[in-house]
Structures are given as structure tokens and as C-alpha cells.
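Structure record follows, encoded as C-alpha cells.
The values are calculated or read from the model by the stated rules, or taken from the named source; none is laboratory data. The model shown is predicted, which means the values in this text are computed figures rather than measured ones. Because the Cβ atoms are built from the backbone with ideal geometry, glycine has one as well, and the counts that use them run over all protein chains shown.
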Amino acid sequence: MKTDQIGKERNRVDGKAKVTGEAKYAAEFDAEKLAYGVVVSSGIAKGKIKRIDTSKALALDGVLQVFTHENRPGYMWLDKNYKDDDAPPGSPFRPLYDSEVQFSMQPIALVVAETFELARYAAMLVEVEYEEAEHDTDFESNLEQAYEPKEYKATEPPKPRGDVDQALAEASARIEETYTHPAEHHNPMEMHASTAVWEGDGKLTVYDKIQGVQNSQQYIASAFGMSKDEVRVISPFVGGAFGSGLRPQYQLFLAVLAARELQRSVRVVMTRQQMFSFGHRPKTLQRFKLGADTGGKLQALQQEVYGETSKFEDYSEDVVLWPGVLYPCDNTKLTHKLVALDVYTPLDMRAPGGTTGIYALECAIDELAYKAGIDPLEFRKKNYSEKDQNEDKPFSSKELRECYRQGADKFGWAKRRMEPRSMKEGHQLIGWGFAQGAWEANQAEASAKAVLSKEGKLTVSSATADIGTGTYTVMTQIAAEALGLPLEDVTFKLGDSDLPKAPLEGGSKTVATVGSAVKKACEQVQEKLLKLAQQQPDSPLAEAKLEEVDFSEGKISLKRDASKSVQLQDLLEQSDNGSLEGEVSTKPSDESKEYARYAHSAVFAEVKVDEDLGTVKVTRLVTAVAGGRIVNPKTARSQILGGMVWGMGVALHEHTVMDNNLGRFINHDLDKYHVPVNADVQEMEVIFVEEKDEVVNPLGVKGLGEIGVVGVAPAIANAIFHATGKRVRELPITMDKLL
Ligand code: MOS
């Protein structure tokens, strides 16, 4: 297929705006007479606010108001059952609803003042007296009370198959181990922020940090009983999100409340510490039992998962989906129970459920391969899944074997010695580890609009988001390709609730979802252009059908005879209203639903562990990805690299520590919450293997936002075992656990 854009390396179309500071984020939009709100956070984890005294704050000149549950307007929260698009089953938290405190650092007041500094100072003068109740934040001691939720937020755990106990008894190699993953918090560069601009007449324009502007718009409309015409939400740039921006957060609610009540524009920005108060990747504990026969074939697989949730919502994620996708096995039992604690509801974080589930699965499989005396990569080849057993469906495409081959070649896996501690280099123990991964390749319903102006400029729009992943760029490429225009003649607009409807930007589905709508909207413009071309006297395209022509280099030409062509410019000049439009909605095809749709990865890791100090360096990482068609190899590579660095953080750094005495996460800043830094990142390679998929969606893409992270932590954990002979089954793998 001829292509001018799709599959080509392109720089980010928004790159210049980002590096020059021209790109504006939610807290950077200005408004006349802007006031500043600072949030007061609860000092206890559970109980009631007995007394809240705001008089000292209010007495300061320039403090405009202090909002609490006591003076909040009655029109708030009339719709108690409202749920945002990412809400798990339960009752979403309602800021300032009443005197009840449900989690540590719950927002209990908003101080609004003429300046940020004054608001921050006044917030310290708010006096609160609590009636403390006993909180329970201890995950381990509540495992006995774990329950299966009435409704799962994510996929229902697959039904059991065969007889696990018998298969385990008969297995020639077996393992039974427990793996834990700590709570982790989102730490994007940009803190959560909302600037609510008062437009008069009760109308608001709100700049919000969010992965779905229409979700925020709906949230505000519901929480304040407003109509959608009264509130417009805008979010052109997002400084990192990957799940933290899926649900509207309390700073949005509070900014809107203050703006409405004061009839003034108000900005509220969370502090870095407050970023630890609205949802996290939940702590999980997973018990695995695996058994294989003498040939190294998996015969039994049991995965028993416990995940943390709040007492007001049942958060769950796809932790037990992966065995059925990755390993054929006749005897399986998969359970997922929840442990409800006095914490805020956990929140999706990059590959929610996959990052935790695949970590434990891939470590357990590595352990079993060692028990069976089989090379870990060889073990995966022996146990290669040809269909998705969860749904008993064939894969729409799966080039994972090619990922094994190209990844192993690049890494040099063939030179690996099986024996742990066998590849020393002085004090450095060298380890090579392997893991595989998968992630869903979904498509949702979305709309897009394309307008081709008389000047030949194309503007395409949809209310999606770009969280730094490259949405602006690839949508521009898809549209430019459709009409054969250079990139600079195409503009893609997103992040505005007035634009055509789009779902939350998450789940690695944006290119498939919004890209399909963009493509189709442009195809409507193609049809209109061809019709115009055929209306020309003696048109060289008179008999041509749409599939027989190419749109390329500003022309429509016949595929079989490129000399028969019409210039787009000539057509545009003749068109009646001066521009041509297409507006469509697209949704996944029925055919695609007959297949299991997944992207796959193979991850190879090399670590060097200092024998005396227990320090770990990840010296090489190779990830081979089968992710369908790659629209832009440059932004795609960046996606996978980012996922690999994040996976390194999962394996070695990230850990929010709950202090059960206080019921509070205690390491709530970037000093004590560790993420990988430049010095941690050494050699990294990304390989995209060719994968054609004609059913997954009209573009043949699979999404790359999450496949890059899932296999990395287990590959590193397995490499650390290979280096040291020690299995650490509790993330993160810090030096104290290795000594
Ligand atoms: Mo992602 S956790 O779906 O933003």
C-alpha cells in the first residue's frame, strides 16, 4: 500500500509548542481577577469533623471565602448516584458533602484568596477539631475479610477449568509462591489543577488537567445541577497522566464551587503532597500454584489475588486475565478478592492489573521453568498460547514468536548460562532475565469531524486528549494520509468538550478509537471531492470508484494510471460553500469482536548486582513488541521506552508506604517516593516486529501506551534471581532484600 504518512517517522507536531512554553497547561490559563484556592486536607484517616473554625482565615484582608461542608450550597450533589466514566461500582467520593472523614488527607476545606500565597497562609489558620474513629488501613491483617465484589470494575475473573488440585498432585514440577506489589502513586510532572473561568450568566469555562474533557464536563454538570451548555471544559495539553487523569478529581470540583459562589474565576492546584490523596495503584498479594509435566507443559495454574480497595467503592482491575491469554492450560482456577480499607479508592495506573498480574505470573513461570530445568524462553515456546482461553477466541493476530526471535537475537540470549550466579564479573553478579507481556487492543465508539477549507487546509477534531503520548501527531498523520496532504496543511484539535464526542483517553485505545473516526471522517471528504471531480467536464475520473483512486500530493489520481488526475485545489475553488466537511461516529466492527485482540511483548533484561552492596543496575533492556501497524515509529518508540523506564521503577523503586498508626501514606513527595532517574537508565532497545491485522480495527493498530510496561518488572526480577540465586517476591526489589 502506498503511504505518505502512516508508518513514517515524524516529529511531534506539538513539539515546538511544548519546548518553547507556548503550550499551556491547566494552571497556566489566566483570567481577569483570578482568585486562588488552597485545599485544607484532613489530618485523620477516619472520623467526623466536630468543629471547623475558619474565623482566623476569614479575618485576613484579601481572603474571599473558606468553603467547608458547613457552608456548602444546597444545590451540590443533588444527583447522588452520579458516576464518572471511570468510576468503579460504589458511591464516588463527594468533596465537602458532610462532616465525615473517610481517608487521610481528604479535602475538608477550600480557602480562596486574592493571591496564592495568602490563600496558602490562611489555609494554615483553619482550625479543625475531629472526633476520631478507629481506622483500618492494614492490608495484610484484613486478608481473611477479603470478598468477591458483586460487580467487577474490570473483566470478571474467568471461570475455573479442569481440576487444579489433581493436576498439581500429578505434576512433575510445581511451585507454590506468594508475590506482593505495593501501593504506588501517580507522580506526573504536572500537578492536578483546574482554572475555572467565570464567564457571567452562570457560565463557566474550565481548564482542567484530565484525560477526558467530556467526562469532566458531565461530572461538573451532575455535581452542580448545571446544563452542559453552561460548562465547557478545555485541556489542550496534559503534563503526564497515564490514569491519574481518568477520573475528575477534587480540585476540579472545588474550583468550580468557588467560581460559582464567588462569581469569579478561581484556580486550584494540588500540592505534590496532595497528589498522594486521590487514588493509587492498589497493593496486591498474589498466591500462585503452578504445575508442569515431565515435558515442561503447564498442567495446573492457580492464581489467587487480593487487591486493595476503599470502603466506598469496589475497585478491581484485570489481574487474573493474563494466564488465559498467555499460557495454554487445562486446569486453572483464578480468583480476585478485595480488601476494603480506610483509604481513597485506588485508581488506574499504566496497564492497571497487567503490571501487577503479569509481574507475578511471569516470575512464577520463571520459577517453574527452573524447577523443570528448562530455559525460561524455551519454556514459553513450549507453552505458547494459540487462542485466548478466557473467551475461547482466536487471536486477531499474534506475532509473539517473532518477538522472541528478534529480541533474543538482539540481546544474545543464546549465550546465557542457566545456572544462577554463573555469570560473575568481579564483584558484579550478572543476571539475564526474560518475561513476556500482553495488553488489550481495544476500540471504542468515537466521533470526529474533518473540514477541508477552500485554501486546502484540513482541520480535524475530536474531544480526545494527548497526555504526551503523541495523539496530536498520529491523528495529523492519519488525516494527512487520507487526503494526500503535507502535515503542515493539517491541524488536529482535541481537548475541548465542544468537539465531537470521544471517550476517555486511556486503555491504549486512542489511536484505534479516535484514529478510526478520523480516517472515516476524512473518507467522507474524499467522497465529496471525488464527486466534485466527476462533475468536471470531461473528467478523467468520470467512471472511477473511491477505491480506484489515490489521494496524494494534492491530487486525486487513478491508481492504475496516475496520469489521469485532478488537482484538489481546482475542486475546492468550485465547491459551493468553499469548504468540504465530514463528520462521523465509528465503533468496533462485529467481526473484530469474534477475535481476542491483544498486543504482545518479549522483554529481555540484564542486571548487574553488586555482591557486597546489593545495589542493582539494569544495564540492558530489550523489548520486542508485536503491536499491529505502527503509525509513527518515532513516537511509538518513545511510548515503549517510557513504559520500560516505568517498569524499572515498578521493579526497583516505586513504593508508597502506609503508616498504619496514622492511616496515612508517609512518603508523599519526590524525595521519598522514588522513581527512576537518568542515572538508572542505561542501554535500551525497542524492536517492533511486523504484524498485519486486518480485523482489529480499520487502521490495523493495537495501541502502545501500556504494552511497554507490563513485562519489564518481571524480566528484571527474573534477571536478579539469575544474578544472585535469590528470589525476592516482594516489590520493589531494594538492596536490603538482596543482602
Ligand atoms: Mo491508562 S491507566 O488507561 O491512562
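For this structure, a couple of remarks:
- Residue check, LEU341 under 29 Å from ALA167 (Cα atoms) and among the hydrophobic types (A, V, I, L, M, F, W, C): no
- The set of residues from the stretch 231-262 being over 18 Å from THR510 (Cβ atoms) and within 16 Å of the ligand (Cβ to nearest atom) comprises PRO248, GLN249.
- Every pair of residues 6+ apart whose Cβ atoms lie under 8 Å, when the first sits in the stretch 661-685 and is without any contact (Cβ under 8 Å) to a residue 12 or more places away in the chain while the second is surrounded by fewer than 16 Cβ atoms within 10 Å (Cβ to Cβ) and of a type outside the set (D, E, K, R): ILE666/VAL657; LYS672/ILE666
- Residue match in the stretch 444-456 (condition: within 16 Å of the ligand (Cβ to nearest atom), at pLDDT 95 or above, surrounded by 24 or more Cβ atoms within 10 Å (Cβ to Cβ) and part of a loop (DSSP other than H, G, I, E, B)): no
Table: residues versus (1) closer than 30 Å to MET275 by Cα; (2) part of a loop (DSSP other than H, G, I, E, B).
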| position | (1), (2) |
| --- | --- |
| SER316 | yes, yes |
| GLY324 | no, no |
| ASP330 | no, yes |
| LEU338 | yes, no |
| TYR344 | yes, yes |
| TYR359 | yes, no |
| TYR370 | no, no |
| PHE379 | no, no |
| TYR384 | no, yes |
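- Residue satisfying condition, being more than 16 Å from the ligand (Cβ to nearest atom), surrounded by fewer than 22 Cβ atoms within 10 Å (Cβ to Cβ), within 26 Å of ASN667 (Cα to Cα) and among the polar types (S, T, N, Q), within set THR205, THR178: THR178
- Scope the stretch 11-35; condition touching a Leu at 6+ places or on another chain (Cβ under 7 Å) and closer than 26 Å to LEU483 by Cβ; matching residues: VAL13
- The single condition from (1) away from the ligand (no atom under 16 Å from the Cβ); (2) more than 20 Å from PHE411 (Cα to Cα); (3) not aliphatic (A, V, I, L, M) that ASP680 fails is (2).
- Subset of the stretch 521-556 (residues that are free of Cβ contacts under 8 Å to residues at least 24 places away in the same chain and over 22 Å from SER453 (Cβ atoms)): PRO537, ASP538, ALA542, GLU543, ALA544, LYS545, GLU547, GLU548
- The set of residues from the stretch 179-205 being touching a residue at least 24 places away in the same chain (Cβ under 8 Å), in a loop (DSSP other than H, G, I, E, B) and more than 30 Å from GLY649 (Cα to Cα) comprises just one member, GLY202.
- Of the strands (runs of 3 or more DSSP E) lying entirely inside the stretch 492-584, none contains at least 2 residues that are of a type in the set (Lys, Arg) and farther than 30 Å from GLN214 by Cα.
- A residue that is in a loop (DSSP other than H, G, I, E, B) and buried (at least 24 other Cβ atoms within 10 Å of the Cβ) occurs nowhere in the stretch 600-622.
- Whichever residue in the stretch 476-491 is hydrophobic (A, V, I, L, M, F, W, C) and outside any loop (DSSP other than H, G, I, E, B) and, among such residues, is farthest from ASP466 (Cα to Cα): LEU483
- Residue pairs meeting the criteria (Cβ under 7 Å; at least 6 apart or on separate chains; first touching a residue at least 12 places away in the same chain (Cβ under 8 Å), in the stretch 17-39; second of a type in the set (Asp, Glu) and buried (at least 18 other Cβ atoms within 10 Å of the Cβ)): ALA23/ASP14; TYR25/GLU190; ALA26/ASP208
- Count of the stretch 312-356 residues which are β-branched (Val, Ile, Thr) and away from the ligand (no atom under 16 Å from the Cβ): 6
- A single entry from LYS519, LYS509, LYS555 fulfils the requirement of being among the charged types (D, E, K, R), within 16 Å of the ligand (Cβ to nearest atom) and either surrounded by 18 or more Cβ atoms within 10 Å (Cβ to Cβ) or modelled with pLDDT under 95 (or both): LYS509.
- Count of the stretch 652-672 residues, restricted to those that are part of a loop (DSSP other than H, G, I, E, B) and within 26 Å of LYS311 (Cβ to Cβ), is 10.
- Selection within the stretch 206-230: residues that are within 26 Å of the chain's Cα centre (by Cα) and not in a helix (DSSP H, G or I). The member of this set that is nearest to GLY643 (Cα to Cα) is GLN211.
- Considered as a group, the residues in the stretch 41-76 that are of a type in the set (Ser, Thr, Tyr) and in a loop (DSSP other than H, G, I, E, B) include one that is farthest from LEU110 (Cα to Cα), and that residue is TYR75.
For every residue, the table says whether it meets (1) of a type in the set (A, V, I, L, M, F, W, C); (2) touching a strand residue (DSSP E or B) at 6+ places or on another chain (Cβ under 6 Å); (3) on the phi < 0 side of the Ramachandran plot.
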| residue | (1), (2), (3) |
| --- | --- |
| ALA31 | yes, yes, yes |
| LEU60 | yes, no, yes |
| VAL66 | yes, yes, yes |
| HIS69 | no, no, yes |
| PRO73 | no, no, yes |
| GLY90 | no, yes, no |
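- Options GLU176, GLU156, GLU144, GLU170; residue that is more than 28 Å from the chain's Cα centre (by Cα) and free of Cβ contacts under 8 Å to residues at least 24 places away in the same chain: GLU144
Okay, residues lined up against (1) more than 16 Å from the ligand (Cβ to nearest atom); (2) assigned to a loop (DSSP other than H, G, I, E, B):
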site	(1), (2)
VAL650	no, no
HIS674	yes, yes
VAL686	yes, no
VAL695	yes, yes
LEU699	yes, yes
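- The one condition in (1) crowded, with 24+ Cβ neighbours inside 10 Å; (2) assigned to a strand (DSSP E or B) that GLN299 fails to fulfil: (1)
- For the stretch 108-161, the set of residues classified as more than 28 Å from ARG51 (Cα to Cα) and part of a helix (DSSP H, G or I) consists of GLU140, SER141, ASN142, LEU143, GLU144, GLN145, listed by residue number.
- Residue ID - farthest from the ligand (Cβ to nearest atom), chosen from residues in the stretch 701-739 that are of a type in the set (Val, Ile, Thr) and closer than 26 Å to MET418 by Cβ: THR724
- Top-ranked residue in the stretch 271-290 [being of a type in the set (Lys, Arg) and either surrounded by fewer than 20 Cβ atoms within 10 Å (Cβ to Cβ) or in a strand (DSSP E or B) (or both); ranked as nearest to the chain's Cα centre (by Cα)]: ARG281
- Scanning the stretch 29-47 for residues that are surrounded by 15 or more Cβ atoms within 10 Å (Cβ to Cβ) and among the charged types (D, E, K, R) returns a single hit, LYS46.
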